[in-house]
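The numbers here are math on the coordinates, done by the rules we state, and not lab data. This structure is a prediction, so every number in the text was calculated from the model and none was measured. Cβ atoms come from the backbone with ideal geometry, glycine included; neighbour counts cover every protein chain shown.
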Amino acid sequence: MDKNTGRFALLRQLLADGVTSLFGNPGSSEQNLLDALRDEEFQSIRYYLSLHEGTAVAMADAYARALRTPAVVQLHSYAGLANGLGMMYYARRGYTPLVVVAGEAGLRYEALDGQMAADLVTMAKPFVKSDHNGPCAWRVVDSGSLLRLLRRAFKAAATPPMGPVLLVLPMDVLDQPNTEPIVATRPVYSRIAPDAGVIGNAARLLSGAKNPLVLMGDGIAASNAQDELVAVAERLGAVVWGANCSEVNMPASHPLFAGYGGHMFGEVSRKYTALADAVLICGTTVMPEVFPSIEGIFAADARIVQFDLNTSEIAKNFPVTVGALADPKPALGMLATALDDVMGAAEKKEAGERIRRIEAQKRGEREQLRASDAAVRDRTPLRASRFFEDLAGRVPDDALIFDEALTHSPELLRTLPQDKPGTYFQTRAGMLGTGLPGGLGLKVAHPDRVVVSVVGDGGSMQTIQALSTAARHNIGTKFVVCNNRSYRILKYNLRQYWKDHNQPTDQAFPDAFDLARPILRFDTLAQGQGVDAVRVEKPEEIAPALDRAFGDDRPFLIDVVLDSGL
């Protein structure tokens, strides 16, 4: 067997780039590559088999988020690529670095229009990141540039703004001789900050605010800038809202952290954005809701400063006073220092008073919510808050949480407030089905940590086959399915639509929102795929279920039957 061909060279390049995990679903046009993967030379690369391509991409997405490094996904021809495109778009909206490789039959068949012939590059263009050259999707047409393009793919995926890229691999190109040198891909340095003049101007614009606001997103976590963000917020006495925010960008228990906005309706976020007289935007899109407000987001005379590594997001939808290309960590660090210099004693005193007022308000709201949870604690059907309260007593402080609980996320966050960077990951971009594979990706990234994935019943059915991957590879994620027997989030959204259109809000919901027929038994669905599971319907069943779940490091699923009311 000739080991000096493209398929072996490609795997050697993956080794040089530190790749140890490959997520995919095999097909006939990748068979030669996966055959080479069996060679002893590549035993350090583990292939995680997913029985649907969406599961493979979502696993890779969570893996890359957890390790802050590009993950590699293998898809099969047009069919596999099409099945993975939804999750690739999810990764694109979340700026996750993924290198997706897709096989095709071969260049020699180009003129014959075989039954799996398709323009994979064109298919992928709307779903991959773009740089100044356009969409980051390429097809290898000569073995002599196979590794050149693979390194380009890694570099593009990992260069801010990060995202998924595609490399199409014709089967016959992989079988051709390859003599390219194996050289590790080097990242592009992007730890840049505005000059002192820009920072000083920003500090002066923000320093005199009476009602300052910070809007932030996952660019903070990507830059490891949580401490710098807190420093700026504390100096300003500014309330902080997450916009495109799905990770720990600021400790949730911090008095100035207001919560996660930017999900569905712009009218919700406008209630606090329009009140601010000075706004700092950093590391986020503005605004990312499904139904964003068109106007009136910010007060007409508000002073707005925006820092981001993605220049396309700066002033994309709304004018700003100061906008600058900047990595959040150095930029916010410089801004905190500049605020110390420009803020007078009176301004610093006012900022401290604001912090105390905001902290008291947050404490009062939290106590009210806890009282509401306590009032229904022992009711049946179960409330999510009761289960999460018991769950919180079992998970260690360094546990990783994947949150696709959607309408039950508020209860989860009340009981498991995430303060440590790299421990909390929420679904993004309105995508369903990320929770089961997302929990697997986190556990593959951190096999020695406890991983809990909290998912809805509707989302679980999108990628239920992920449980077979958990069993096959003994990935010890603990799954919690919030089984409220409905697309509950759609009920909330339709009720808001009725309200906005002056219609009665007590109407019957569409039958398609109901998941009670047939009864979905997630415990038996899990057991049928080799994952141990239990169904919980009463408060007294919670503790025994958690005992079983955390008794070992094997995958386990708890099907929690919850109240379906709104």
- Note on the structure: Calc'd 3J(HN,Hα), segment 435-446, phi into Karplus 6.51 cos²θ - 1.76 cosθ + 1.60 (θ = phi - 60°), Hz, glycine/Pro = x, comes to x, 5, x, x, x, 5, x, 5, 6, 5, 5, 9
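By how many nm would the segment from ASN317 to ALA300 grow when fully extended, if each residue of separation counts as 0.36 nm and the alpha-carbon distance is taken off?
Full extension of this stretch gives 4.7 nm more.
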- Sorted by average packing, counted as other Cβ atoms within 10 angstrom per residue and highest first, what order do 17-28, 284-295, 46-57 take? 46-57, 17-28, 284-295
- What residues have an amide H closer than 5 Å to that of ALA225, excluding those fewer than 5 places away on the same chain, when H is modeled at 1.01 Å from N in the peptide plane? none
- Item | Amide H partners (placed H, <5 Å) of ILE281, local residues excluded | LEU215, VAL305, GLN306, PHE307
- Message: Need the C-alpha centroid separation for segment 27-74 versus segment 276-293, integer Å.
- Response: 36 Å
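Once you keep just the Cα pairs under 8 angstrom separated by 6 or more residues, what percentage relative contact order results for the chain?
13 percent
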- Note on the structure: For LYS3, counting only aspartates and glutamates whose alpha-carbon sits under 15 Å away and dropping same-chain residues fewer than eight positions off, the answer is ASP35, ASP39, GLU40, GLU41, ASP172, ASP175, GLU180
- Message: My understanding is that a pair violates if its Cα-Cα distance is over 31 Å; which of LYS155/LYS443; LYS271/LYS349; LYS348/LYS420; LYS155/LYS478; LYS129/LYS499 do that in this structure?
- Response: LYS155/LYS478; LYS129/LYS499
- Message: Can you give me the distance in nm between label points at TYR109 and ASP39, each placed 7 Å from the Cα along the Cα-to-Cβ direction?
- Response: 2.4 nm
- Query: Once a ≥ b ≥ c are taken as the square roots of the eigenvalues of the Cα gyration tensor of segment 6-174, is the result rounded (a/c under 1.5), prolate (a/b larger than b/c) or oblate (a/b not larger than b/c)?
  - Reply: rounded
- Query: What nm distance separates the two modelled labels at TRP498 and ASN211, each placed 7 Å from Cα along Cα→Cβ?
  - Reply: 3.2 nm
- With +1 on each Lys and Arg Cβ and -1 on each Asp and Glu Cβ, and nothing else charged, work out how big the dipole of segment 376-561 is about its Cα centre, in Debye to the nearest 20. 300 debye
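Evaluate the relative contact order of segment 322-467 (contact order divided by residue number), counting alpha-carbon pairs under 8 angstrom at least 6 apart; express in whole percent.
Relative contact order here is 21 percent.
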- Query: With the dipole of the chain worked out from charges on the C-beta (+1 for Lys and Arg, -1 for Asp and Glu) around the Cα centre, which of THR463, GLY242, LEU256 lies farthest toward the positive end?
  - Reply: LEU256
- Message: With unit charges on the beta carbons (Lys and Arg positive, Asp and Glu negative) and the dipole taken about the Cα centre of the chain, which residue among TYR424, PRO292, PHE154 sits farthest to the positive side?
- Response: PRO292
- Two-site label geometry, ASN201 and PHE291: point separation in nm, points 7 Å out along Cα→Cβ: 3.9 nm
- Note on the structure: Candidates for mean projected area of the Cα convex hull in nm² are [x] 42.4; [y] 32.5; [z] 27.4, and the calculated one carries label [z]
- Hey, can you grab everything whose amide H is under 5 Å from the amide H of TYR424? Only 5+ residues off in sequence or another chain; H modelled, so Pro and N-termini drop out. VAL248, ILE401
- Item | Debye, to nearest 20: dipole size of segment 196-362, +1 on Lys, Arg Cβ, -1 on Asp, Glu Cβ | 400 debye
- Rounded to whole angstrom, the alpha-carbon centroid of segment 303-318 lies from that of segment 516-566 at a distance of 44 Å
- Message: With 10 angstrom as the radius, rank ILE220, ILE304 by how many other C-beta atoms surround their C-beta, starting from the fewest.
- Response: ILE304, ILE220
- Message: With a cut-off of 8 Å between alpha carbons and a minimum separation of six or more residues, what is the relative contact order of segment 6-174 in percent?
- Response: 25 percent
- Note on the structure: Where a ≥ b ≥ c are root eigenvalues of the Cα gyration tensor, a/c under 1.5 meaning rounded, otherwise prolate if a/b exceeds b/c and oblate otherwise, segment 196-362 counts as rounded
- Query: About the Cα centre of the chain, what is the dipole size in debye to 20, counting +1 per Lys and Arg Cβ and -1 per Asp and Glu Cβ, all else neutral?
  - Reply: 660 debye
- First measure r as the distance between the Cβ atoms of ASP506 and LEU275, then evaluate 1/(1 + (r/R0)^6) with R0 = 30 Å and state the FRET efficiency to the nearest 0.05. 0.40
- On the formula 1/(1 + (r/R0)^6), with r taken between the Cβ atoms of ALA82 and TYR189 and R0 of 45 Å, the FRET efficiency rounded to 0.05 is 0.80
- Task: Could you please state, rounded to a whole Å, how far the C-alpha centre of segment 102-149 is from the C-alpha centre of segment 369-386?
- Result: 53 Å
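For every helix of n ≥ 4 consecutive DSSP H residues, a contribution of -39,500 (n - 2.57) applies; sum these over the chain, divide by its total residues, and give [θ] at 222 nm rounded to the nearest 500 deg cm²/dmol.
Computed ellipticity for the chain at 222 nm equals -12000 deg cm²/dmol.
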- Task: Can you find, among VAL128, GLY352, ASN310, the residue farthest towards the positive end of the dipole of the chain? Put +1 on the C-beta of Lys and Arg, -1 on that of Asp and Glu.
- Result: GLY352
- Which whole-Hz couplings ³J(HN,Hα) result when phi for each residue of segment 143-158 is put into the Karplus expression 6.51 cos²θ - 1.76 cosθ + 1.60, θ = phi - 60°, listed in order with x for Gly and Pro? 4, x, 10, 4, 6, 4, 6, 5, 5, 4, 4, 4, 5, 5, 4, 8
- Query: What is the gain in length, in nm to one decimal, between THR337 and GLU367 on full extension, counting 0.36 nm per residue of separation less the C-alpha to C-alpha distance?
  - Reply: 7.3 nm
